[in-house]
Amino acid sequence: MINYILRRLLILPFILFGVTILIFSMIMMLGPYQRLSTYIEDPSQLKGGDVDQLITKYGLDDPWYEQYGRWVSGVLQGDLGWSESAGQPVTEAIASRFPATFELAIFAVIPVVMGGIWLGVLSAVHHNDKLDHTIRIFSTIGWSFPTFVFGLLVLMVFYGILGWFPPGRLDNWALTVVMSDGFTEYTGMHVLDGILNGNFDIVVNSFRHLIGPIFTLAIVWWSFILRITRSSMLETLSKDYIRTARAKGVSENVVINKHARRNALIPVVTVAGPMVLGLLGGVVITETVFGYRGLGQYAAQAAAQLDYSGILGVAMYFSFLLILINLLVDVSYAVIDPRIRLE
Amino acid sequence: MNFLSKEPLVQVKGLKTHFFTEEGVVKAVDGVDFEINPGETLGVVGESGCGKSVTSLSIMGLVESPPGKIVEGEINFQGTDLTKLSQKEMRKIRGNDISMIFQEPMTSLNPVYTIGNQISEAIMLHKKVNKEEAKRQSIEMLEKVGIPLPEQRVNEYPHQLSGGMRQRVMIAMSLSCDPQLLIADEPTTALDVTIQAQILELMNDLKESYGMAIMMITHDLGVIAEVSDRVAVMYAGKVVEYTDVETLFKDPEHPYTWGLMNSIPKLDQTVERLEAIPGSVPSPLNFPSGCKYNNRCPLATDKCREIEPELETISEGHQVRCWHYKELERLKNERAETAKIK
């Protein structure tokens, strides 16, 4: 098992190398003038200065491998360039927004995975019952709504009409509290910080702001996981070893929760990787719709303002995250299925 | 253990298990009667789709419901009618008094749990023992079914064993709670011929030492000859001939049994080609009226096409479901003549 994880970790640098090549080739598709902006710390440098001179200075006409070497060494030192859309270096922009997105993602993934699997199993066990039909109708609705439409609907109903779940990350009064000296930002995640500071008004307030985006993100992927779990569970329940378990005198509860579910989860884990990719895409849209200041909103904003350093930085960051998540997926695969672990 | 015991262990009377599907009612088992005495092996033989597996699943109470349902009949096991028991009561019997092994050893074990875990589960369900004791008993069982290095194998997963070994594990699991009856649904069909013989031998040995009865379901007459005391031949959801194994092979009285016998090679006869029974098993959705074998039977008459015969006792312990079984003698003689001429 440890060997398996180690082997996977050894491959990691090679994958990252591939990712940097890919991202860099995207940079190289831009002309030297456009690329200049990714190397400029302060836009005022461009005013009056000789642009061609700057191009030579930053070596934008050099052969691609020299440029790649410089870019990679910059990336390795944590220097991703200056972000015009954020008004700060890309690294700082990402660091300041990451906790917000992390908070959102964690709170969204828990209901997606737990709820999706639970409902999927329930749906399969009550195959073709009323309960199964109801669950399937809701999953079809959830799955067919684009995130931005659903997000706007949630915003309209729960904020516009009911006024329950406002957009943004915090109300103004709460923001003042968070910014004040009496409040220590340990993690940048407001729910956790609120608990650590013993200020439960902040916890409640940030939850009220989180529910809309969580709901929007969860509904699509809920239906996704539910469908996969349901069909996989149905298939597993017709397997010979389920009949063997029943022939042993095992109760139906144990048949479902011990013998069937673990096997049924193998394909679910397989799709968890692509699901995370989709979730990250969903984060960009959801954060934009809800005005939630996180990485997704930053990505959208950078793209809209042609902030190349910002786009590339976020792309690098997301790919790194994806690789880590895929590693996690593969490891959980091996935990569930001994046939993979013992290969 | 007493072979001549008056009280049968299992008594199936007029069992009808039907499946209610969208295409119609599938009468998979349509009036099956037989008995199994303690310590006896009953062979159940027939082509695919004749209802032999559904019969065994009915005894286990494992017919998928819906669509399946036991619509009529009794299954008496040690004085209780199993068809009347609740699922909860059935669970106490399954794996304990009656256990079952299946055709596909490759897929019959759960791939994500160790062999030890799966055998211990059965033991802990039916005996009041702790985990350690259950594991110790599992190792003991693995040893009994001839698995080498049982202490090591007990911690392995099914995919690390061969098909024959997995079937041995299944046997170990099914015998772990000393059942009175072991139902074996084509236990050797998926195995290599050499392994088949080993498994059958193992089952015969264990039957002796455990004194249990076996219901051996198979389509292989060779297997029947090897292990059975009595045989029930099934066709289209019904028993068509029921007798002891010697009589069945020496003197089959139902034209279907006779057809089956002619379709397998015999060492003492030279024939140009083996005879197949013409046609195929009718669809259970669309059985012919009268005797269900009438469309394939060389003796079929109008009477056969109209009225279904009953299972008739023609001599002590020999029952046949046929209007014209006496005429089969003529066909047998004709065939013997042609064999001589050649």
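The values are calculated or read from the model by the stated rules, or taken from the named source; none is laboratory data. None of the values given here were measured: they were computed from a predicted structure. Every residue, glycine as well, gets a Cβ built from its backbone with ideal geometry; the counts of neighbours run over all protein chains shown. Heads up: the accessible areas ignore ligands, DNA and RNA and are worked out on the full protein's heavy atoms, side chains in. Shrake-Rupley method; radii C 1.70, N 1.55, O 1.52, S 1.80 Å.
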Yes/no for B:Gln152 being in the same structural domain as B:Val12 (by TED's automatic domain parsing) and open to solvent by 10 Å² or more (accessible area, probe 1.4 Å): no
Positions within region B:58-94 being in contact (Cβ under 8 Å) with a residue 40 or more places away in the chain, within 14 Å of chain A (Cβ to nearest Cβ) and of a type in the set (Val, Ile, Thr), in sequence order: B:Ile59, B:Val63
For B:Lys52: the one exception among (1) more than 14 Å from chain A (Cβ to nearest Cβ); (2) open to solvent by 40 Å² or more (accessible area, probe 1.4 Å): (2)
Test result for B:Thr55, of a type in the set (S, T, N, Q), assigned to a helix (DSSP H, G or I) and in contact (Cβ under 8 Å) with a residue 24 or more places away in the chain: yes
Residues of region B:167-186 satisfying the condition of being within 11 Å of chain A (Cβ to nearest Cβ) and part of a helix (DSSP H, G or I): B:Val169, B:Met170, B:Met173, B:Ser174
Index of the failed condition, A:Ile55 passing every other in (1) among the hydrophobic types (A, V, I, L, M, F, W, C); (2) at pLDDT 65 or above; (3) open to solvent by 30 Å² or more (accessible area, probe 1.4 Å): (3)
Among the residues listed as B:Ile101, B:Ile119, the single one being more than 8 Å from every other protein chain (Cβ to nearest Cβ), more than 22 Å from B:Val12 (Cα to Cα) and buried (at least 23 other Cβ atoms within 10 Å of the Cβ): B:Ile119
Helices (runs of 4 or more DSSP H) contained in region A:239-318 and holding at least 2 residues more than 14 Å from chain B (Cβ to nearest Cβ) and open to solvent by less than 10 Å² (accessible area, probe 1.4 Å): A:261-289, A:295-304
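Results for (1) open to solvent by 10 Å² or more (accessible area, probe 1.4 Å); (2) closer than 30 Å to B:Asn294 by Cα; (3) assigned to a helix (DSSP H, G or I), shown as yes or no for each residue.
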{"residue": "B:Thr188", "(1), (2), (3)": "no, no, no"}
{"residue": "B:Thr194", "(1), (2), (3)": "yes, no, yes"}
{"residue": "B:Ala232", "(1), (2), (3)": "no, yes, no"}
{"residue": "B:Glu241", "(1), (2), (3)": "no, yes, no"}
Residue check, A:Phe102 closer than 27 Å to A:Gly278 by Cβ and either outside the structural domain of A:Leu237 (by TED's automatic domain parsing) or open to solvent by 60 Å² or more (accessible area, probe 1.4 Å) (or both): yes
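Could you pull out the residue among A:Ile202, A:Ile211, A:Ile195 that is closer than 15 Å to A:Glu287 by Cβ, part of a helix (DSSP H, G or I) and of a type outside the set (Phe, Trp, Tyr)?
Every option except A:Ile211 fails the conditions.
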In region B:104-116, residue nearest to the chain's Cα centre (by Cα) [restricted to those that are at the interface with chain A (Cβ under 7 Å from one of its Cβ atoms) and among the polar types (S, T, N, Q)]: B:Ser108
